[in-house]
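A.B. asks: I have a structure I would like to understand better, so I am pasting it below and will then ask my questions one at a time.
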Amino acid sequence: MPTPLKIVFAGTPDFAARHLEGLIDSPHHIVSVMSQPDRPAGRGKRLQPSPVKALAVEAGLPVWQPESLKTAESEAILSQYEADILVVVAYGLILPAAIL
């Protein structure tokens with residue numbers, strides 16, 4: 001059996017959450033989930049988590065919600081996870097070349 005990959009998952013909407021579900025059910029290890037920051041929604045304009053964040057929290061996965069990935073701090077945070085792969089599904093932020 002191959003060694004499980006250490007994965008950072010980046011996504012935001014329902015479409016991405018379905019893919020995260022598949023990874024949660026796989027033998028791989030999700031070391032972090034990135035999602036866009038919570039946004040106001042509904043009549044009361046209360047902050048609502050993205051579907052990906054809600055699923056990650058439910059699954060007990062660590063969540064990171066950066067405003068931007070174009071900073072040295074973001075690069076440092078990502079590198080600390082020592083992930084084998086970054087899986088991106090409908091994330092919504094531009095990934096700088098340094099991260100790719």
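A.B. asks: Going through region 43-100, which GluC sites (Glu not before Pro) have at most 16 other Cβ atoms within 10 Å and a DSSP loop state?
C.D. replies: Values: sites: Glu58, Glu67, Glu73, Glu75, Glu82; in loops: Glu67, Glu82.
Hits after loop and neighbour filter: Glu67, Glu82.
A.B. asks: Show which aspartates and glutamates lie in cross-link reach of Lys53 when reach means a straight Cα distance below 18 angstrom and same-chain residues fewer than eight apart are skipped.
C.D. replies: Here the aspartates and glutamates satisfying the reach criterion relative to Lys53 are Asp14, Glu21, Asp25, Asp38, Glu67.
A.B. asks: With the dipole of the chain worked out from charges on the C-beta (+1 for Lys and Arg, -1 for Asp and Glu) around the Cα centre, which of Thr3, Val87, Val63 lies farthest toward the positive end?
C.D. replies: Farthest towards the positive pole: Val63.
A.B. asks: List the trypsin sites (Lys or Arg not before Pro) in region 41-72 that DSSP assigns to loop (not H, G, I, E or B) and whose Cβ has at most 10 other Cβ atoms within 10 Å. Which are they?
C.D. replies: Arg43, Lys45
A.B. asks: A further question follows. Quick one: Karplus J couplings for region 27-36, per residue in order, coefficients 6.51, -1.76, 1.60, θ = phi - 60°, nearest Hz, x for Gly and Pro?
C.D. replies: Running phi through 6.51 cos²θ - 1.76 cosθ + 1.60 with θ = phi - 60° gives x, 6, 9, 8, 8, 6, 10, 9, 8, 5 Hz.
A.B. asks: Pairs of Cα atoms under 8 Å, at least six residues apart: use those to get the relative contact order of the chain, whole percent. Spell out each step's value before the answer.
C.D. replies: Numbers: 167 pairs, mean separation 38.7, N = 100.
Relative contact order comes out at 39 percent.
A.B. asks: From the backbone phi of region 76-84, what are the Karplus-calculated ³J(HN,Hα) couplings (6.51 cos²θ - 1.76 cosθ + 1.60, θ = phi - 60°) in whole Hz, Gly and Pro given as x?
C.D. replies: With the stated coefficients, region 76-84 comes to 5, 4, 4, 5, 5, 6, 6, 6, 7 Hz.
A.B. asks: Something else now. Once you charge only the Cβ atoms, +1 for Lys and Arg and -1 for Asp and Glu, what is the size of the charge dipole of the chain about its Cα centre, to the nearest 20 debye?
C.D. replies: Dipole about the Cα centre, nearest 20: 460 debye.
A.B. asks: May I pose another question? Tell me which residues come under 5 Å, amide H to amide H, from Trp64 once H is placed; ignore anything under 5 positions away on its chain.
C.D. replies: Under 5 Å from the amide H of Trp64: Val33, Met34, Ser35.
A.B. asks: Let me ask something else. What residues qualify as long-range amide H neighbours of Ile30, i.e. H under 5 Å apart, gap of 5 or more or another chain, H built at 1.01 Å from N?
C.D. replies: Those lying under 5 Å, H to H, from Ile30 are Ile7.
A.B. asks: Can I ask one more? Using all C-alpha to C-alpha distances in the chain, build P(r) with 10 Å bins and read off the rounded percent in each one.
C.D. replies: So the P(r) values, bin by bin, are 15, 49, 29, 6, 1, 0.
A.B. asks: What does the net charge come to around Lys6 if you take all other residues with beta carbon closer than 9 Å to its beta carbon, with K and R at +1 and D and E at -1?
C.D. replies: On the way: positive: none; negative: Glu82, Asp84.
The answer is -2.
A.B. asks: Taking amide H positions as placed in the peptide plane 1.01 Å from N, state which residues far from Val88 in sequence (5 or more) or on other chains have amide H under 5 Å from it.
C.D. replies: Ala10
Values quoted throughout were computed directly from the atomic coordinates according to the rules given, and no laboratory measurement underlies them. Predicted, not measured: the structure shown is a model, and the values here were computed from it. A quick note on method: Cβ atoms are made from the backbone with ideal geometry, for glycine too, and the neighbour counts reach across all protein chains shown.
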